[in-house]
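What follows is calculated from the coordinates using simple rules that are stated; it is not laboratory data. As the structure is a computational prediction, the values presented were derived from the model and not from experiment. Virtual Cβ from ideal backbone geometry, glycine too; neighbours counted across all protein chains shown.
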Amino acid sequence: MGTRRISLASLALVSVLLLAATPVWADMFTFESIALGTRTPFSDTAGSTTAIFSSPDGDVFSTATGSVLDGRMLFDSDPDFHRLDISFNHPLNAISLRFALNTFDVSRVFQLEAWSGASIIGSATATGAPLTPGGFPEGFLAFNSGGTTFDSVRLTATAQDFAIDDMEVPAGGPEPIPEPSSVLLLGTGLAGLGRAWRRRQ
């Protein structure tokens, strides 16, 4: 009975710590509330986050629907290579989104740069894969800067055009980073759970 109490207590401790360390992804931009054909620049709000979508290359991105990225998306339909800038109303340390590349070359790359003011603080790249035979490559890109925050991102691709959808950011600001004490407690809870399990055996 004592072993079972220890085991249940350890399991409860581990569960609480894992829940506390789980990122809270709550603000998602799907472009469903933006009228079809809306061109950059424009702003959109999801939860506590407002994002401004623009391009230094002009009004080349617009909301659209198509055979990639279910539902509405933000798409560059101009034949030249362009950049998409997204700025936020509060600092972030994480972002994720889905993308599609307008090419049949699966080696083409999608890239995200995170900026704090005029300084770049990190970047991430990803390649996509066709979901249907002969389809355009689609993929998922996530970036986490840790303790450093950013207030804007720049998206580019080595493909001629790209589209994005389902952009997610932590609600209200940077996601919490587990402190060393929380990690130590998690390790202690796991060790206790292991000892209790061995005793039962």
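Things to note:
- Near Asp57, the amide H atoms lying under 5 Å from its own belong to Arg83; only residues 5 or more places off or on other chains count, and H is placed 1.01 Å from N.
- Residues of the stretch 157-173 with an amide N closer than 19 Å to a point placed 7 Å from the Cα of Phe140 along the Cα-to-Cβ direction: 163-171.
- Long-range amide H partners of Ser145 with built H, under 5 Å: Ala94
- Dimensionless Rg/Rh of the stretch 88-166 - Kirkwood Rh, Rg from C-alpha atoms: 1.03
- Estimated translational D of the stretch 24-175 in µm²/s (Stokes, Kirkwood radius over Cα pairs; 10 °C; 1.306 mPa s): 104 µm²/s
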